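K.L.:
This is the structure, below, for whatever I ask next.
The values are calculated or read from the model by the stated rules, or taken from the named source; none is laboratory data. Nothing here was measured: the structure is a model prediction, and the numbers come from that model. Please note: Cβ atoms are built from the backbone with ideal geometry, for glycine as well, and neighbour counts cover all protein chains shown.
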Amino acid sequence: MARDDAEDARRSAGNRSEPSRFAARRDIGPLHTDRGQEARGVRVVVGGERGPFKLLPQKKRTKRDRHARTRVAFFRYSYYDIAFKFFVEQVLDADFVALPPATKRTIELGSRHSSDFVCAPFKHILGDYIEALELGADVLVQFAGPCRLGYYGELQQSILRDLGYEFDMLNFAMLTGKPLTEYISTCKKKVNPDVSVPHGARNMLAVFKMIENLDEANDYYLANAGFEVVPGSFDRARAAYFDAMRLAACERDIAEAHRAGMEAYRALPTNRPGRVLRVGIVGEYFTAADPSSNLDLERKLLGMGVELHRMLNMTNRNLRYNEKNLRASISDYVTYDMGPTSSMTIAAALKYAQEGFDGVVHLKSAGCTPEVDCMPVLQRISRNTGMPVLYLSYDSQTSDTGLDTRLEAFYDMLAMKKERTR
Amino acid sequence: MMDCYLGIDIGSISTKGVIIDDRRRIVARTYLWTEGNPADAARRVVADLGSQVDRNAVRVGAVGTTGSARRLVGAMCGATVVKNEITAHAVGTTFLHPDVRTILEIGGQDSKIICVENGIAVDYAMNTLCAAGTGAFLSSQAHRLGVEVEEFGSIALTSKKPANIAARCTVFAESDLVHKIQVGYAREDIIAGLCRAVATNYLNNVGKGKQIVAPVVFQGGVSKNAGVVRAFEDELGMDVIVDADGHLMGAFGVALLAAEAAPRITSAGDASGNAGAQAEAFDFDALRSFEFATREVECQKCANRCEIICVFRNGVIIDSWGNRCEQGAVKTETYAKAPSSSLLP
């Protein structure tokens, strides 16, 4: 018995931890409350006394000054930034975020954040938007609509939000077919609650007039700049015309700038040989008209001394678009409307062929389904009329070596043909 | 002293050169691999051509360059004419075959079709996004099969039943090919199937929508492959003409263009913009004695950061290109001429 006691005592002395373990076991009840207190302590450190547990530290949200003027940005689209600026400043009465010319970085940004298989305009526009947001834009405007571009606004919005940008999107593609009041209330909500409807409506007409003027001047430029006597004279006149248009603040300014600009164009000397090569440009809305998307194709062709025509512009596609009539002119080839610019592409190509043009260049972004559908029809027109068509597909490439080779060969072919059939 | 003209076609895989006399006959020809070094290939071509002619009896009045490295080699040689390969092929072929209607051309990395009417090119197409069914594809598959690509044609002709190989895309064709090899198809059947795939792919992609009318001339390095020629004849149901000099046609065409341009330059009052062309004869040894270097410079004048390619001869810049605007224009020793000559008055 005594031995047992001694052994017990030795055991308990050897195992010092045992009593504490017992103690811990005994303290199970109160430990619960202890742990609870500890957890409460943690919550105090992270999230403050009130409110739920925060999983992520919250970003400090800068509060917008609600009375500041909204800064609105468009995507880059040829020279129409002039009309976009007028629209923002005179119709919406907000500040316009002017973007510098697109660079390689623009398309790199756009491609990095978009799906590989999406068409090139999406990538260009996304790159433009990122650059606009970097410059401090509050509202981005998207209006494209007739093909899958109509869904691109929403997609771009969610991509940009995922990237962490804070902005609002004025997406006119969401309002297509809705009454005018809807347009006005959306503009009020997103951009400027004090939009004056009478002033805005009046200046909207001025925007339309401005687009028509810009396109008219561009038609003159395309038809004549290839024959300039002083190198660069047409480009300088064009830049001066655009500068004057950018300064315009009302209809009268627009009319005056246009009159002066056209006069300057007409005063430029040109050396136009009797038989010139005439080439028409047809194709997809964005790629065919935007120089930074088509690697400055028009300037390359003008540099070779070619007269250019392009039916596709905002005047003909947006303001005066009459699809039924266009389709009637190509009824030998087409029964149905195939897409946003298909009828115009085919009608323009056929018109150029009937007017005896030497060739047509067809531009599209790679994988543009409506324009791919146009190609068999264009091939038929080409076969029936003997007018060659050059097909070009663009993606986000920045090297123009391949384009130069094809354009040069196309030009040589047309020139030799013209020379021999004299 | 005989007036001669030199044409060089620097492709991605092979470099071709010819010298033609004043009656437009080929007096010297050469064909060798570019081996990824166009400057060196041009040097070897010029040396080889120089050894084939009597240099004391020949005076090279003008040089033309074509192919994907035309600009670089043009700057090196001081070429009178720097022309794209499509025009060069059309010019060369229509000179030799005035009645030709369709020119098929398959080279190392690109393929093209040119439609001709009354001796004038009226339409052309070039492979755009994909290099399927070109010479590079054939030679990589030859490597896989352990055959020299030069033997392909003769092996293919021995096949009685060509294997069916998907033609749409190189990747699919390759996996199809591997499958057929592993299943145990005879090698000649696979090679013949491959030749067939090249022809079908070409007609489906490049030739799509084009009317192929006889007489048809087939050119480019792949035209030396009898198996592909046979496949084209079967597919088209017509004879396909292959020239002995078919692979040199680009060089021949640009030599013709150089010959045409040469007398215009010596005559006064030339308005075609070909200023800066040398009046003195081309020196065969010049290329060897000079040191050429290409350097890429990133222009810092604006945000676009164009890559400007500068070519130096013995440390002196002779040509540059790649700039998108005037700001990036580099001053060169000789005035760099525009690659496109205005053919219209």
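K.L.:
Scan region B:70-94 for residues that are closer than 18 Å to B:VAL116 by Cβ and assigned to a loop (DSSP other than H, G, I, E, B) and report the count. If you could, list the steps in order and put the result at the bottom.
P.N.:
Filtering region B:70-94 down to residues closer than 18 Å to B:VAL116 by Cβ leaves B:83-94.
When the remaining residues are screened for being assigned to a loop (DSSP other than H, G, I, E, B), the result is B:83-84.
The number of residues fulfilling the criteria is 2.
K.L.:
Go through region B:160-182 and report how many residues are surrounded by 21 or more Cβ atoms within 10 Å (Cβ to Cβ) and modelled with pLDDT of 85 or more.
P.N.:
2
K.L.:
I need the full set of residues from region A:299-329 which are surrounded by 21 or more Cβ atoms within 10 Å (Cβ to Cβ) and without any contact (Cβ under 8 Å) to a residue 24 or more places away in the chain, in order please.
P.N.:
Matches in region A:299-329: A:LEU326 only.
K.L.:
Across region A:323-345, which residue is modelled with the lowest pLDDT among those that are within 17 Å of A:MET375 (Cβ to Cβ) and small (Gly, Ala, Ser)?
P.N.:
Looking at residues that are within 17 Å of A:MET375 (Cβ to Cβ) and small (Gly, Ala, Ser), I get A:GLY339.
K.L.:
Using the structure shown, decide if A:LEU308 is under 20 Å from A:LEU392 (Cβ atoms), modelled with pLDDT of 90 or more and more than 14 Å from chain B (Cβ to nearest Cβ). It would help to see each step written out before you state the result.
P.N.:
Numbers: under 20 Å from A:LEU392 (Cβ atoms): yes; modelled with pLDDT of 90 or more: yes; more than 14 Å from chain B (Cβ to nearest Cβ): yes.
Yes, satisfied.
K.L.:
Hey, does region A:397-420 have a residue that's more than 24 Å from B:ALA88 (Cβ to Cβ), aromatic (Phe, Trp, Tyr) and either surrounded by 15 or more Cβ atoms within 10 Å (Cβ to Cβ) or facing chain B (nearest Cβ under 7 Å) (or both)? Walk me through it before giving the result.
P.N.:
Taking region A:397-420 and keeping what is more than 24 Å from B:ALA88 (Cβ to Cβ), we get A:397-398.
From the residues that got through so far, the ones that are aromatic (Phe, Trp, Tyr) too are none.
Within region A:397-420 (the criterion being more than 24 Å from B:ALA88 (Cβ to Cβ), aromatic (Phe, Trp, Tyr) and either surrounded by 15 or more Cβ atoms within 10 Å (Cβ to Cβ) or facing chain B (nearest Cβ under 7 Å) (or both)), the answer is no, since none of the residues qualifies.
K.L.:
Can you spot a residue in region A:229-238 that is assigned to a strand (DSSP E or B) and either polar (S, T, N, Q) or under 30 Å from A:THR369 (Cβ atoms) (or both)?
P.N.:
First pass over region A:229-238, keeping only residues assigned to a strand (DSSP E or B): none.
No; the residues of region A:229-238 include none that is assigned to a strand (DSSP E or B) and either polar (S, T, N, Q) or under 30 Å from A:THR369 (Cβ atoms) (or both).
K.L.:
Quickly run through region A:81-93 and pick out the residues that are surrounded by fewer than 22 Cβ atoms within 10 Å (Cβ to Cβ) and assigned to a loop (DSSP other than H, G, I, E, B).
P.N.:
Once the filter is applied, which keeps residues that are surrounded by fewer than 22 Cβ atoms within 10 Å (Cβ to Cβ) and assigned to a loop (DSSP other than H, G, I, E, B), region A:81-93 yields only A:ASP93.
K.L.:
Hey, another quick one. Cβ-Cβ under 8 Å, sequence separation 6+ or interchain: first residue in region A:204-233 and within 14 Å of chain B (Cβ to nearest Cβ), partner β-branched (Val, Ile, Thr) and not in a helix (DSSP H, G or I). Which pairs?
P.N.:
A:GLY226/A:VAL276; A:GLY226/A:VAL306; A:PHE227/A:THR270; A:PHE227/A:VAL276; A:GLU228/A:THR270; A:VAL229/A:THR270
K.L.:
Another question, if that's okay. Just to verify a result, which residue in region A:273-287, among those that are outside any loop (DSSP other than H, G, I, E, B) and β-branched (Val, Ile, Thr), is nearest to A:TYR77 (Cα to Cα)?
P.N.:
Going through region A:273-287, the residues outside any loop (DSSP other than H, G, I, E, B) turn out to be A:278-283, A:285-287.
Narrowing the set further to residues that are β-branched (Val, Ile, Thr) leaves A:279, A:281-282, A:287.
Numbers: A:VAL279: 22, A:ILE281: 17, A:VAL282: 17, A:THR287: 10 Å.
Per the criteria, the residue is A:THR287.
K.L.:
Report those helices (runs of 4 or more DSSP H) wholly inside region B:106-219 carrying at least 2 residues which are closer than 21 Å to B:ILE10 by Cα. So that I can check it myself, show each step before the final result.
P.N.:
Numbers: elements: B:135-145, B:152-157, B:170-183, B:187-205.
It comes to B:135-145.
K.L.:
Ok, one more. Taking the conditions exactly as written (surrounded by fewer than 16 Cβ atoms within 10 Å (Cβ to Cβ), closer than 20 Å to A:THR315 by Cα and either at pLDDT below 95 or touching a Gly at 6+ places or on another chain (Cβ under 8 Å) (or both)), does A:THR176 satisfy them or not? Talk me through it step by step, then tell me what you get.
P.N.:
Numbers: surrounded by fewer than 16 Cβ atoms within 10 Å (Cβ to Cβ): yes; closer than 20 Å to A:THR315 by Cα: yes; either at pLDDT below 95 or touching a Gly at 6+ places or on another chain (Cβ under 8 Å) (or both): yes.
The answer is yes for A:THR176.
K.L.:
Return the residues of region A:384-394 that are surrounded by fewer than 17 Cβ atoms within 10 Å (Cβ to Cβ) and at the interface with chain B (Cβ under 8 Å from one of its Cβ atoms); say none if nothing qualifies.
P.N.:
Within region A:384-394, just A:GLY386 meets the criteria.
K.L.:
For region A:361-383, how many residues meet the condition of being free of Cβ contacts under 8 Å to residues at least 24 places away in the same chain, aliphatic (A, V, I, L, M) and facing another protein chain (nearest Cβ under 10 Å)?
P.N.:
Counting residues in region A:361-383 that are free of Cβ contacts under 8 Å to residues at least 24 places away in the same chain, aliphatic (A, V, I, L, M) and facing another protein chain (nearest Cβ under 10 Å) gives 1.
K.L.:
Moving on. Is it the case that A:ARG76 is among the basic types (Lys, Arg), modelled with pLDDT under 90 and not in a helix (DSSP H, G or I)? Write out each step before concluding.
P.N.:
Values: among the basic types (Lys, Arg): yes; modelled with pLDDT under 90: no; not in a helix (DSSP H, G or I): yes.
Against the criterion (among the basic types (Lys, Arg), modelled with pLDDT under 90 and not in a helix (DSSP H, G or I)), A:ARG76 does not qualify.
K.L.:
Now for a different question. Going through region B:25-69 one residue at a time, which ones are small (Gly, Ala, Ser), surrounded by 14 or more Cβ atoms within 10 Å (Cβ to Cβ) and outside any helix (DSSP H, G or I)? Break it down into steps so the answer makes sense when it comes.
P.N.:
Here is the first cut: in region B:25-69, the residues small (Gly, Ala, Ser) are B:28, B:36, B:39, B:41-42, B:47, B:50-51, B:57, B:61-62, B:64, B:67-69.
Subset that is surrounded by 14 or more Cβ atoms within 10 Å (Cβ to Cβ): B:28, B:39, B:41-42, B:47, B:50, B:61-62, B:64, B:67-69.
B:ALA28, B:GLY61, B:ALA62, B:GLY64, B:GLY67, B:SER68, B:ALA69 - these are the residues of region B:25-69 that are small (Gly, Ala, Ser), surrounded by 14 or more Cβ atoms within 10 Å (Cβ to Cβ) and outside any helix (DSSP H, G or I).
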